[in-house]
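Below is one structure; the comments refer to it alone.
The values are calculated or read from the model by the stated rules, or taken from the named source; none is laboratory data. Model, not experiment: these values are computed from the prediction. Glycine gets a Cβ as well: all are built from the backbone with ideal geometry, and neighbour counts include every protein chain shown.
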Amino acid sequence: MSITIACIGSGNMGRALMRGAAGIAGGDNLGFTDSDKPKAVEAAQALGARVFDSNSEAVKKGDFVFLAVKPQALSGVLQEIKQAVNERRALKNPVTLVSMAAGFSIKKIEAELESPGQPVIRIMPNTPALISRGMIVLAASPGVGEEKIAELERLLANSGVVDRLEEKYLDAVTGLSGSGPAFGYIFIEALADGGVRAGLPRDKALAYAAQTVLGAAAMVKETGRHPGELKDMVASPGGTTIAGIAALEQSGFRGIVMNAVDAAFKRSTELG
């Protein structure tokens with residue numbers, strides 16, 4: 001696959017996705033740029049990639065340009081690359097922009113660039129992409145052809161599961177799978193704390209908690225059964241598990257988790 005993928009921003013998520021892409025396109029077809037140039041150099045060296053002199057150069061040379069910056073920084077980046085983006089469109093060789101900024105809609109990106117119809121793909125990845133176990137949801141503008149979308153899906157496949165969805169759902173995706181790993185980490189930590197409270201050594205409690213959550217998630221995915229059914233398989237009448245579930249319900253556990261996702265969803269809409 002002979003394409004050039006440029007990444008504006010060299011934080012954890014940009015690096016993770018570029019590392020996955022390197023396995024498909026090769027490191028020599030990748031390039032980074034960052035306001036903190038030493039960070040870009042470090043990221044590039046790890047993959048055998050190049051460093052672009054500017055964001056505009058990344059746009060001029062990239063087939064896909066990942067916008068791996070925070071929503072608060074995206075407007076400034078778009079203003080910087082606007083001329084290069086529109087020059088590419090005038091030459092009928094448009095760059096495909098891939099934004100991972102929460103809440104920042106395709107229409108808003110087009111408006112900032114003053115370029116209606118600019119090919120844009122929004123993605124919402126999550127941090128398990130760092131170990132190739134991510135959940136990556138994408139939505140493409142009408143100006144992106146099927147071949148381009150499929151090409152991006154191939155580039156992202158090494159980073160985790162890739163799924164397509166209508167853009168109107170991406171704020172909800174941000175609240176669930178985008179922010180969800182952090183909620184999961186808190187749950188694992190709390191399980192481990194419970195084990196320590198019951199007398200387990202800290203290292204054992206944490207290892208058991210992490211493996212328990214990993215196994216439970218695998219059961220949902222691999223059996224195809226509803227989580228409620230799998231829960232009932234563990235909760236025998238008058239047993240230990242149903243006593244623990246009662247304690248969770250008394251504390252409003254389900255509502256707390258739902259509220260966490262809703263709060264993250266609402267914040268995503270605010271960022272847009």
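Only one of ALA207, ALA218, ALA260, ALA264 is farther than 29 Å from ASP171 by Cβ, in a helix (DSSP H, G or I) and not assigned by TED's automatic domain parsing to the domain that holds SER105; which?
ALA207
Residues of the stretch 178-204 being out of contact with any Phe, Trp or Tyr (no Cβ under 7 Å at 6 or more places or on another chain), part of a helix (DSSP H, G or I), of a type outside the set (Val, Ile, Thr) and farther than 18 Å from ILE256 by Cβ, which ones?
Hits for the stretch 178-204 are GLY178, ALA192, ARG197, ARG202, ASP203, LYS204.
In the stretch 178-186, is there at least one residue being out of contact with any Asp or Glu (no Cβ under 6 Å at 6 or more places or on another chain), of a type in the set (Phe, Trp, Tyr) and within 30 Å of GLY244 (Cβ to Cβ)?
yes
Which one is nearest to GLY160 (Cα to Cα), of the residues in the stretch 94-127 that are touching a Ser or Thr at 6+ places or on another chain (Cβ under 8 Å) and in a helix (DSSP H, G or I)? If you could, list the steps in order and put the result at the bottom.
Just the residues of the stretch 94-127 that are touching a Ser or Thr at 6+ places or on another chain (Cβ under 8 Å), to begin with: 102-103, 106, 109-110, 112, 117-126.
In the following step, the residues that additionally are in a helix (DSSP H, G or I) were identified as 106, 109-110, 112.
Working: ILE106: 23, ILE109: 26, GLU110: 28, GLU112: 31 Å.
Top of the filtered list is ILE106.
What pairs come up if the first residue lies in the stretch 179-196 and is within 20 Å of MET100 (Cβ to Cβ) and β-branched (Val, Ile, Thr), the second is loosely packed, with under 14 Cβ neighbours inside 10 Å and modelled with pLDDT of 95 or more, and their beta carbons are under 8 Å apart, counting only those six or more places apart or on different chains?
Listed by first residue and then by second, the contacts come to nothing, as the list is empty.
Are any residues in the stretch 148-172 among the small types (Gly, Ala, Ser), in a helix (DSSP H, G or I) and within 17 Å of ALA129 (Cα to Cα), and if so, which ones?
ALA157, SER159
Conditions first: (1) touching a Gly at 6+ places or on another chain (Cβ under 9 Å); (2) crowded, with 22+ Cβ neighbours inside 10 Å; (3) over 19 Å from GLU167 (Cα atoms). ALA68 passes all but one, so which condition is the exception?
The one condition ALA68 does not meet is (3).
Check ALA263, ALA218 and return the single one that is surrounded by fewer than 11 Cβ atoms within 10 Å (Cβ to Cβ) and either of a type in the set (A, V, I, L, M, F, W, C) or in contact (Cβ under 8 Å) with a residue 60 or more places away in the chain (or both).
Exactly one residue qualifies, and that residue is ALA218.
Which of the numbered conditions does GLY224 fail, given that it passes all the others? Conditions: (1) of a type outside the set (Val, Ile, Thr); (2) over 29 Å from the mean Cα position of the chain (by Cα); (3) on the phi > 0 side of the Ramachandran plot.
(2)
When both residues are 6+ apart or on different chains and their Cβ atoms are under 6 Å apart, which pairs have a first residue that lies in the stretch 7-34 and is in contact (Cβ under 8 Å) with a residue 40 or more places away in the chain and polar (S, T, N, Q), and a second that is buried (at least 20 other Cβ atoms within 10 Å of the Cβ) and not in a loop (DSSP other than H, G, I, E, B)?
SER10/PHE32; SER10/ALA40; SER10/ALA43
Could you figure out which of (1) in contact with a strand residue (DSSP E or B) (Cβ under 8 Å, 6 or more places away or on another chain); (2) farther than 30 Å from ARG122 by Cα; (3) not aromatic (Phe, Trp, Tyr) isn't true of LEU248?
Condition not satisfied by LEU248: (1).
Might you check whether a residue that is in contact with a strand residue (DSSP E or B) (Cβ under 6 Å, 6 or more places away or on another chain), closer than 18 Å to PRO71 by Cβ and at pLDDT 95 or above occurs anywhere in the stretch 156-169?
Taking every residue of the stretch 156-169 in turn, at least one turns out to be in contact with a strand residue (DSSP E or B) (Cβ under 6 Å, 6 or more places away or on another chain), closer than 18 Å to PRO71 by Cβ and at pLDDT 95 or above.
Counting only residues that are of a type in the set (Val, Ile, Thr) and more than 22 Å from the chain's Cα centre (by Cα), how many does the stretch 16-52 have?
Let us first name the residues in the stretch 16-52 that are of a type in the set (Val, Ile, Thr), namely 24, 33, 41, 51.
Add one more test, that the residue is more than 22 Å from the chain's Cα centre (by Cα), and what stays is 41, 51.
Going through the stretch 16-52 one residue at a time, the tally reaches 2.
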